[in-house]
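Remarks on the structure that follows.
The values are calculated or read from the model by the stated rules, or taken from the named source; none is laboratory data. Treat the numbers as computed from the prediction; the structure is a model and nothing was measured. Cβ sites come from the backbone with ideal geometry, for glycine too, and all protein chains shown count toward neighbours. All accessible areas refer to the heavy atoms of the entire protein, side chains included, with ligands and DNA or RNA removed. Shrake-Rupley method; radii C 1.70, N 1.55, O 1.52, S 1.80 Å.
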Amino acid sequence: MLYSDKVMDHFEHPRNVGEIAEADGVGQVGNPKCGDIMKMYLKIDGDVITDVKFKTFGCGSAIATSSMATEMIKGKTIAEAMTLTNAAVAEALDGLPAHKMHCSVLAEEAIKAALADYYRRKGEEVPAELRLPCEEEEHCCSACH
Ligand code: FES
């Protein structure tokens, strides 16, 4: 089986799909090569992520990883969410095929982009670890160049 049961479950029944009208941070990342786009919405109270929703126009692995990533940061602090890596998300899904690992990078980057947006809206400096390669280059995703 190419994909784990967890990947298939999150692909077929993605959690936290949608958008948050009054979001405190919104981040969108995409990949110009495969055309996949992921948008992440965060509701933040104090320093806790109280709600998170996403929309992904993309492959099954991108949908499964965004779904799992939202589950992993919901109810967590900003500091905890910042340390979430695509490798941790893939591991929580019992792994992804090697050639699909790049899809999981979109989830990590979408969360970071949404957190960066949160800081920008507050008029605060964006922490260095939240700056994306797309802010320095014309590519909007570092995953599949
Ligand atoms: Fe582009 Fe999966 S093929 S994110």
- Message: Scan region 27-39 and tell me whether some residue there is open to solvent by less than 40 Å² (accessible area, probe 1.4 Å), at pLDDT 95 or above, away from the ligand (no atom under 13 Å from the Cβ) and under 14 Å from Asp117 (Cα atoms).
- Response: yes
- What number of residues in region 71-118 are surrounded by 13 or more Cβ atoms within 10 Å (Cβ to Cβ), without any contact (Cβ under 8 Å) to a residue 24 or more places away in the chain and over 13 Å from the mean Cα position of the chain (by Cα)? 3
- Selection from region 120-145 of residues that are assigned to a helix (DSSP H, G or I) and modelled with pLDDT of 85 or more: Arg120, Arg121, Ala128, Glu129, Leu130
- Message: For region 41-61, check the following and say yes or no: at least one residue is touching a residue at least 60 places away in the same chain (Cβ under 8 Å), within 16 Å of the ligand (Cβ to nearest atom) and crowded, with 16+ Cβ neighbours inside 10 Å.
- Response: no
- Message: Can you find a residue that is within 13 Å of the ligand (Cβ to nearest atom), of a type in the set (Lys, Arg) and in contact (Cβ under 8 Å) with a residue 40 or more places away in the chain anywhere in region 5-23?
- Response: no
